[in-house]
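Structure first, then comments.
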Amino acid sequence: MSEFPPPVPSAALGVAVNAAAIAALLPSEFRALQIEVVASTGSTNADLMARLPELETAVLRLALQQTAGRGRAGRSWLSEGGELLTFSLAWRMRQPVHGLLGLPLAIGVALAEALIELDVQVQLKWPNDVLRERKKLAGILIESTQAEGGGSWVVVGIGLNLIVPDELEARIGNAVADAPWLARMDRNALMAQLIRHLAASCEQFDLQGFAPFLPRWNRLHAYAQEAVQIIDHGRVLHLGIALGVDLAGCLVLQTDSGQVTVWAGDVSLRPV
């Protein structure tokens, strides 16, 4: 028996969300996607990563509550007391793991473009945050592993703030954004919109790499031509003008000693 919470009927959930309704709103080319909705789990990313050896098709797992949500570098994602859209997409790629450079940024483009279509004006912060009014609206966590028989599996985790009360923002300790009007949207239609962009972008990246996403990411760059610092565990590694990203998804800085290319790793970007 699986140790992970099984999908539950929509009637048992506190919001009107239904896997079949989401699937019915997707384009025909994505109808094979398996969609799961659970009331609560530790982490949708962890659930899918543990199940990758047995998966035969792409899976979208949506949790109404995550008790152990996490972001980059193992940071926790607090959601208790607010309304947060949390889900993960497991997708089989033809590319090996080492061919996935730039995928987190491509997913950022997909998520941002989906939100912009919903009249939520957002920008991107390198390497994996979606901002509204310079505050974090959504985060992305991508994990990957080699697939049996070639290629790779990726698990794309998304956390999107819908409603963040003041007390939750105080617990988080940083200014964050939310989008209450999205919370009032039909949740099935919202998920279908996000899935459509994410799935299409996974396919495009698998075929063409980061190249078609590069100009789109740079157009959405929140700190383009601004002074920023790159922080690693509290230490300033670089200080310079953010020029944009390159084909490997690295940030390019203009510093006093010339251009510097920064790999994502566990570093963070902060405006000066």
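Check off (1) crowded, with 19+ Cβ neighbours inside 10 Å; (2) modelled with pLDDT under 95; (3) assigned to a helix (DSSP H, G or I) for residue 161 and give me the number that stays unchecked.
Condition not satisfied by residue 161: (3).
Can you report the number of residues in the stretch 53-62 which are in contact (Cβ under 8 Å) with a residue 40 or more places away in the chain and within 23 Å of residue 16 (Cα to Cα)?
2
Quick check: anything in the stretch 94-102 open to solvent by 10 Å² or more (accessible area, probe 1.4 Å), basic (Lys, Arg), within 29 Å of residue 214 (Cα to Cα) and modelled with pLDDT of 95 or more?
yes
Would a scan of the stretch 63-81 turn up a residue that is in contact with a Leu (Cβ under 9 Å, 6 or more places away or on another chain), surrounded by 17 or more Cβ atoms within 10 Å (Cβ to Cβ), at pLDDT 95 or above and over 26 Å from residue 222 (Cα atoms)?
No, every residue in the stretch 63-81 fails to be in contact with a Leu (Cβ under 9 Å, 6 or more places away or on another chain), surrounded by 17 or more Cβ atoms within 10 Å (Cβ to Cβ), at pLDDT 95 or above and over 26 Å from residue 222 (Cα atoms).
Would you check if residue 199 is modelled with pLDDT of 95 or more, within 17 Å of the chain's Cα centre (by Cα), closer than 27 Å to residue 61 by Cβ and open to solvent by less than 20 Å² (accessible area, probe 1.4 Å)?
yes
Does residue 185 qualify as being at pLDDT 95 or above and closer than 30 Å to residue 34 by Cβ?
no
Taking residue 115, is it touching a residue at least 12 places away in the same chain (Cβ under 8 Å), of a type outside the set (Gly, Ala, Ser) and in contact with an Asp or Glu (Cβ under 9 Å, 6 or more places away or on another chain)?
Answer is no for this residue.
I'd like to verify a number: residues in the stretch 136-158 that are at pLDDT 95 or above and under 11 Å from residue 94 (Cα atoms), how many?
Summing the residues that are at pLDDT 95 or above and under 11 Å from residue 94 (Cα atoms) in the stretch 136-158 gives 6.
For residue 269, work out the one condition from (1) part of a strand (DSSP E or B); (2) at pLDDT below 95; (3) open to solvent by 10 Å² or more (accessible area, probe 1.4 Å) it doesn't fulfil.
Result: residue 269 fails condition (3) only.
Quick one: in the stretch 133-153, of everything that is hydrophobic (A, V, I, L, M, F, W, C) and under 15 Å from residue 56 (Cβ atoms), which residue is surrounded by the most Cβ atoms within 10 Å (Cβ to Cβ)?
153
If a residue has to be surrounded by fewer than 21 Cβ atoms within 10 Å (Cβ to Cβ), among the polar types (S, T, N, Q) and at pLDDT 95 or above to count, how many in the stretch 32-56 make the cut?
So the answer is 1.
So the check is Cβ under 6 Å with 6+ separation or different chains; which pairs have a first residue in the stretch 27-52 that's farther than 13 Å from residue 89 by Cβ and of a type outside the set (A, V, I, L, M) and a second one that's open to solvent by 40 Å² or more (accessible area, probe 1.4 Å) and in a loop (DSSP other than H, G, I, E, B)?
These pairs meet every condition: 40/65; 41/5; 42/67; 42/68; 43/68.
Can you name every residue in the stretch 202-231 that is open to solvent by 40 Å² or more (accessible area, probe 1.4 Å) and at positive phi?
Within the stretch 202-231, just 225 meets the criteria.
Considering only residues that are at positive phi, assigned to a loop (DSSP other than H, G, I, E, B) and loosely packed, with under 14 Cβ neighbours inside 10 Å, which ones fall in the stretch 232-266?
Across the stretch 232-266, the qualifying residues are 233, 234, 265.
The values are calculated or read from the model by the stated rules, or taken from the named source; none is laboratory data. Computed from a prediction, not measured in an experiment: that's the story for all the values here. Methodologically, a virtual Cβ is constructed for each residue, glycine included, from the backbone with ideal geometry; neighbour enumeration extends over all protein chains shown. Calculation scope for accessible area: heavy atoms of the full protein, side chains included, ligands and nucleic acids excluded. Shrake-Rupley method; radii C 1.70, N 1.55, O 1.52, S 1.80 Å.
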